[in-house]
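What follows is a set of notes on a single structure, which appears directly below.
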Amino acid sequence: MKIKTIYTWWPSPAKINLFLYVTGIRSNKYHNIQTLFQFLNYGDTLKIIPNNTGYIELFTKNKNLLNKKNSIITAAKLLKQKGIFYKRLHNSLNGAKIFLKKNIPIGSGLGGGSSNAATTLILLNQLWNTQFTLEELSLFSLEIGSDIPGFIMGKTAIIEGIGDIFHPIQTQEKWYLIVYPNTTISTKNMFENLSLMQYSSKKSIQELLHLPFKNVFEDIAKNKFIKIKKLISILSSYAPFRMTGTGSCIFSEFNDKQSAQKIFKLIPKDTTSFITKSVNISPLHKMFN
């Protein structure tokens, strides 16, 4: 990977989970999962300009994101910490101005915060010349969130464990209609509402790909959020819709854009919707090739 210019706006893509199961919980309270992590040709964009001020600053029109817990700031500080610890950075003066254009809704199950963190780690790894491998960045990123390694590795994959085991696969690229019900869902809250009865036994890759796809969190979301339950019920009379991640976005897949556009016209007006295509390689990684 090589950055050609620091003034480029770089993709921070969205994802959907084509299926999502929880297979257990570890003694440290981290959950084991099995999920099919599918990239979309849609997302946020980031521009990073490195400097020698020692400060990491975030600039975005969404003022709700300007806090110290933001995943971008957290990721940048983590890389700086690891760079100093492993002697890849030789002083604490490495800084950056990070600019974010936000398109992915917050709390939507599309992985916006995780994607932002992954893009930040990948770009700053180049700009600060810390020279960590993608595997090393993925391992570091688990300290922030379990979705981040999938974005760092950059390929459609079945992901297991706590987000640290990858089985890259090729899926047929489809058109997707994504519907955001303008409802924010906390991932932490959804895991807290998961009961032992909803855990699944671990399945082989072949089983996962041939069984009907399911998201264990969909029933929880429908019980807690009546709007999501009604939306899935209404839209499922037109096409099969299901939820991504821990919610709140729901989606349906189509073989062509025209079919998606027909259903798009029927979406209730109190939602936010868009049509996009799936890709097997992250749009960020494509820019480095």
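Laid out as a table, the results:
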| item | result |
| --- | --- |
| Meets criteria (buried (at least 20 other Cβ atoms within 10 Å of the Cβ), touching a strand residue (DSSP E or B) at 6+ places or on another chain (Cβ under 6 Å) and at pLDDT 95 or above) for T271 | no |
| Boolean, I152 is assigned by TED's automatic domain parsing to the domain that holds T120, over 24 Å from I263 (Cβ atoms), surrounded by fewer than 20 Cβ atoms within 10 Å (Cβ to Cβ) and in contact with a helix residue (DSSP H, G or I) (Cβ under 7 Å, 6 or more places away or on another chain) | no |
| Selection status of I158, surrounded by 13 or more Cβ atoms within 10 Å (Cβ to Cβ) and assigned to a strand (DSSP E or B) | yes |
| Qualifying position, being of a type in the set (G, A, S) and either farther than 20 Å from L137 by Cα or touching a Pro at 6+ places or on another chain (Cβ under 7 Å) (or both), among G109, G113 | G109 |
| N129 being in contact (Cβ under 8 Å) with a residue 24 or more places away in the chain and either under 18 Å from H285 (Cβ atoms) or among the acidic types (D, E) (or both) | no |
| Which listed residue, of G150, G163, is in contact with a Pro (Cβ under 6 Å, 6 or more places away or on another chain) and either assigned to a helix (DSSP H, G or I) or among the small types (G, A, S) (or both) | G163 |
| Residue match in the range 175-190 (condition: surrounded by fewer than 18 Cβ atoms within 10 Å (Cβ to Cβ), in contact with a strand residue (DSSP E or B) (Cβ under 9 Å, 6 or more places away or on another chain) and basic (K, R)) | no |
| Residues within the range 10-54 that are in contact (Cβ under 8 Å) with a residue 40 or more places away in the chain and exposed (fewer than 13 other Cβ atoms within 10 Å of the Cβ), tallied | 4 |
| Pick from the range 225-250, criterion touching a helix residue (DSSP H, G or I) at 6+ places or on another chain (Cβ under 8 Å) and basic (K, R), ranking: surrounded by the most Cβ atoms within 10 Å (Cβ to Cβ) | R242 |
| Residues of the range 41-58 satisfying the condition of being part of a strand (DSSP E or B) and not charged (D, E, K, R) | N41, Y42, G43, T45, L46, I48, I49, P50, N51, I56, L58 |
| Top-ranked residue in the range 161-174 [being in contact (Cβ under 8 Å) with a residue 24 or more places away in the chain and among the polar types (S, T, N, Q); ranked as surrounded by the fewest Cβ atoms within 10 Å (Cβ to Cβ)] | Q170 |
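The values are calculated or read from the model by the stated rules, or taken from the named source; none is laboratory data. Here the structure is a predicted model, which is why all the values come from computation and not from measurement. Cβ coordinates were reconstructed from backbone atoms using ideal geometry, including for glycine residues, and neighbour counts include every protein chain displayed.
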